[in-house]
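The values are calculated or read from the model by the stated rules, or taken from the named source; none is laboratory data. All values reported here derive from a predicted model rather than from experimental measurement. Glycine also receives a Cβ, built like all others from the backbone with ideal geometry; neighbour counts cover every protein chain displayed. Each accessible area value is taken on the protein alone, full model and side chains, heavy atoms only, with ligands, DNA and RNA left out. Shrake-Rupley method; radii C 1.70, N 1.55, O 1.52, S 1.80 Å.
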Amino acid sequence: MRETDVPVRERFPETANLTDAPFDRALADPGRIVARRRVPAAAGGATAGGAAAGGAAAGGAAAGGARAAKDAGAAKGAGAAKGAGRVARGVVRTAGADEWSAVTAGEFAAEVARLAKGLIAVGMEPGDRIALMARTRYEWTVLDYAIWAAGGVTVPVYETSSPEQVAWILGDSGARGIFVETAGNRAAVAAVRGDLPDLAHVSGLEPDDLERLAAWGAAVSDEELTERRRSRRASDLATIVYTSGTTGRPRGCELTHANFLATARNVVLAGVPEITADGASTLLFLPLAHVFARLVQVACVECGMVLAHGTPATLQGDLGTFQPTFLLAVPRVFEKVYNGAAQRAEADGKGRIFAAAADTAVAYSHALDTGRVPLALRARHRVFDALVYRKLRAAVGGRLRYAMSGGAALNARLGHFFRGVGVTIIEGYGLTETTAPIVGNRFTPGGNRIGTVGRPFPGTGIRIAEDGEILARGVSVFGGYWRNPEATERAMDGAWFRTGDLGELDDDGYLSITGRKKDILVTAGGKNVAPGPLEDLLRAHPLIDQAVVVGEGRKFVGALLTLDEEALPAWLATRGRPVPRVGDALDLAALRDDPEVRAALDAAVADANKTVSHAEAIKKHRVLDRPLTEADGHLTPSLKVRRHIVTAEFAADIDALYS
């Protein structure tokens, strides 16, 4: 098959915009819990019964939020929302841990309304670009919707961005204002502010900062906010999301209200509705500057899922205290859960039991695909569920049933393992230019073809070009690159967007990704090699943090590897060996030459080579003496390798492979 189209299922009028859902829900069901905010354990007693941070005046503010949304309902609904601040709020408590305080629909709309009025009061006009530079947190979401309610356009900036990156994004977008989280973020903006004539406002986003902004908006009437909010239509620009810039300067992708509404509704409601069942919740910890996390945020607001915000550093504890039912993550998260469990079992002398349990889970998952699970396998599965699988499910909160993986390929065995354990992970595929996923597997029986990224979601068409490139069209595809018509023209083939990825469609319309067009290596012998699949397999090994396959113009394929500094101490401990250190840091120089470590890496490379032909196989590999990091420019904020930077900086290491 070379082309497949799936008709759109969820539609909406041109008058719709992203702020309709929160304001409509505030009228229809003001006491419904729509989010939970972290309350630090030490502060829990003081705030458990009060309003969410930044919403101390929630009772009165909710009334304002309801009035701002009065076009959505009758006076009775507005009266109900007026009392939203007095709804008894539930607090999720775990002894000695952070708490999660509930935010109702009425309170969320009230906070959005107050901040939107503040933005109007300080001079924000419809269409103005306002940047957000912060980690994923509740205030990010509230400000995003406040900017939209005031008629603005949100410009996300990764909180780890350098001053040069900040200057480019703010300058190119013409941002009028920016909200920053840390002193470092503020310093990055200050360092380049002289080059940003359009930038009029720089603000923090802590409770005091937002209360001050809301106070400025006190004179803005509910009617003025309603008029401003309703002036935005589906076809209007909602955000400019800058690509991660793996090959050069980031380009701003123009995404409209319609892009997000159509993608969220057709992916979730028409594609994976299981994740919205009663009691559904998600913990969002990936950067909201990334379009996939942003789409999940929008989907939660659109579909009524309870949304909480976490960080990668606190993920393990947050899963235990918040207990989500759905999770969006990158493959590395699932790899670390598996590898950590395997290492703990090995350290406790139960390595053989865990290995047998893993094999059983994988076999059970494969049997599910056939529609028949043999009795003996079913019995083994029950035994290991009691011994192993329940503990693994508890480690991810105990309620997690569904997960979606994106950003890189998920190892097929890992996908089968987790499904056998009781947590179904589906893979999806999309880009910033397609408002995140346009293709995905499903949670329905027979709908998850592990090893593929699934079928198109409703409203999407996929075509495979003659050279193997994946082309996409439909409701999710962006309008173009901001102020860059030349790049837009290069990216489009009529209505089809050129993704730059290579893939294949099977007879049932399932898509498999085979590589990235610009990453293809051509060896001296003329062999085309896609590095991505090999790199994904290598990164799944517990000792390997990053892998970069090389060989352009060379006589064979090689690889640069970096060691996983988190996994190494536990791995050495299971072998009864001390951890070599230089001061407080691991002695990577000693470890990369360690015979046992090298033997493990050799085995990982050999396993990866089993998936490719002899000409594509890695013949030699080299362990680098330092990690690849975002801070040093090796990785993008979404942790993709900047291949051109790595190959230039480590040219001597590459040459050593071939000397």
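Among the residues of region 159-182, what is the count of those that are within 14 Å of ARG193 (Cα to Cα) and β-branched (Val, Ile, Thr)?
Total satisfying the criteria: 4.
Let's see how each residue does on (1) farther than 30 Å from PRO163 by Cβ; (2) touching a helix residue (DSSP H, G or I) at 6+ places or on another chain (Cβ under 9 Å):
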residue: LEU561; (1), (2): yes, yes
residue: LEU568; (1), (2): yes, yes
residue: GLY576; (1), (2): yes, no
residue: VAL582; (1), (2): yes, yes
residue: THR629; (1), (2): no, no
residue: HIS634; (1), (2): no, yes
residue: SER638; (1), (2): no, yes
residue: HIS644; (1), (2): no, no
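Tally time: how many residues in region 610-650 are over 25 Å from LEU586 (Cβ atoms) and either at pLDDT 95 or above or open to solvent by less than 20 Å² (accessible area, probe 1.4 Å) (or both)?
2
Taking the condition of being in contact with a strand residue (DSSP E or B) (Cβ under 9 Å, 6 or more places away or on another chain) and surrounded by fewer than 16 Cβ atoms within 10 Å (Cβ to Cβ), how many residues in region 367-398 meet it?
Selection size over region 367-398: 1.
Under 7 Å by Cβ, and 6 or more places apart or on different chains, what pairs join a residue from region 298-320 that is under 17 Å from TRP140 (Cβ atoms) and β-branched (Val, Ile, Thr) with one that is assigned to a loop (DSSP other than H, G, I, E, B) and open to solvent by 20 Å² or more (accessible area, probe 1.4 Å)?
Short answer, once both residue conditions are applied: THR311/ARG135.
Conditions: (1) without any contact (Cβ under 8 Å) to a residue 60 or more places away in the chain; (2) open to solvent by 10 Å² or more (accessible area, probe 1.4 Å); (3) over 27 Å from PHE260 (Cα atoms). VAL220 meets all but one. Number of the miss?
(1)
Looking for something at positive phi and touching a Leu at 6+ places or on another chain (Cβ under 8 Å) - is there at least one such residue anywhere in region 426-435?
Yes - at least one qualifying residue is present in region 426-435.
Mind checking which residues of region 337-358 are surrounded by fewer than 19 Cβ atoms within 10 Å (Cβ to Cβ) and either of a type in the set (Asp, Glu) or touching an Asp or Glu at 6+ places or on another chain (Cβ under 8 Å) (or both)?
Answer for region 337-358, where residues must be surrounded by fewer than 19 Cβ atoms within 10 Å (Cβ to Cβ) and either of a type in the set (Asp, Glu) or touching an Asp or Glu at 6+ places or on another chain (Cβ under 8 Å) (or both): GLU346, ASP348.
Looking at this structure, is ASP593 farther than 20 Å from GLN343 by Cα and either open to solvent by less than 20 Å² (accessible area, probe 1.4 Å) or not β-branched (Val, Ile, Thr) (or both)?
yes
Conditions tested, residue by residue: (1) buried (at least 24 other Cβ atoms within 10 Å of the Cβ); (2) touching a residue at least 60 places away in the same chain (Cβ under 8 Å); (3) not hydroxyl-bearing (Ser, Thr, Tyr).
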site	(1), (2), (3)
GLU107	yes, no, yes
LEU115	yes, yes, yes
MET124	no, no, yes
ALA150	yes, yes, yes
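Sort out which residues of region 618-634 are farther than 12 Å from ALA547 by Cα and not in a loop (DSSP other than H, G, I, E, B), and write them in order of number.
Matches in region 618-634: LYS619, LYS620.
GLY415 passes all but one of (1) touching a helix residue (DSSP H, G or I) at 6+ places or on another chain (Cβ under 9 Å); (2) surrounded by fewer than 21 Cβ atoms within 10 Å (Cβ to Cβ); (3) without any contact (Cβ under 8 Å) to a residue 60 or more places away in the chain; which number fails?
Tallying (1) touching a helix residue (DSSP H, G or I) at 6+ places or on another chain (Cβ under 9 Å); (2) surrounded by fewer than 21 Cβ atoms within 10 Å (Cβ to Cβ); (3) without any contact (Cβ under 8 Å) to a residue 60 or more places away in the chain, GLY415 fails exactly one: (2).
Go through (1) open to solvent by 30 Å² or more (accessible area, probe 1.4 Å); (2) more than 19 Å from the chain's Cα centre (by Cα) one by one and return the number of the condition ASN185 breaks.
Against the list (1) open to solvent by 30 Å² or more (accessible area, probe 1.4 Å); (2) more than 19 Å from the chain's Cα centre (by Cα), ASN185 comes up short only on (1).
Residue check: is ASP209 open to solvent by less than 40 Å² (accessible area, probe 1.4 Å) and touching a residue at least 60 places away in the same chain (Cβ under 8 Å)?
So ASP209 fails the test.
Those residues that are in contact with a strand residue (DSSP E or B) (Cβ under 8 Å, 6 or more places away or on another chain), in a loop (DSSP other than H, G, I, E, B) and over 15 Å from ARG516 (Cβ atoms), I need them from region 635-651; list them, please.
The one that is in contact with a strand residue (DSSP E or B) (Cβ under 8 Å, 6 or more places away or on another chain), in a loop (DSSP other than H, G, I, E, B) and over 15 Å from ARG516 (Cβ atoms): PHE650.
Check whether at least one residue in region 572-583 is more than 17 Å from ILE544 (Cβ to Cβ), at pLDDT 90 or above and open to solvent by less than 20 Å² (accessible area, probe 1.4 Å), and report yes or no.
No, region 572-583 contains no residue that is more than 17 Å from ILE544 (Cβ to Cβ), at pLDDT 90 or above and open to solvent by less than 20 Å² (accessible area, probe 1.4 Å).
Can you find, within region 466-508, the residue that is farthest from ALA408 (Cα to Cα) among those that are of a type in the set (Gly, Ala, Ser) and open to solvent by 20 Å² or more (accessible area, probe 1.4 Å)?
If we take residues in region 466-508 being of a type in the set (Gly, Ala, Ser) and open to solvent by 20 Å² or more (accessible area, probe 1.4 Å), then GLY494 is farthest from ALA408 (Cα to Cα).
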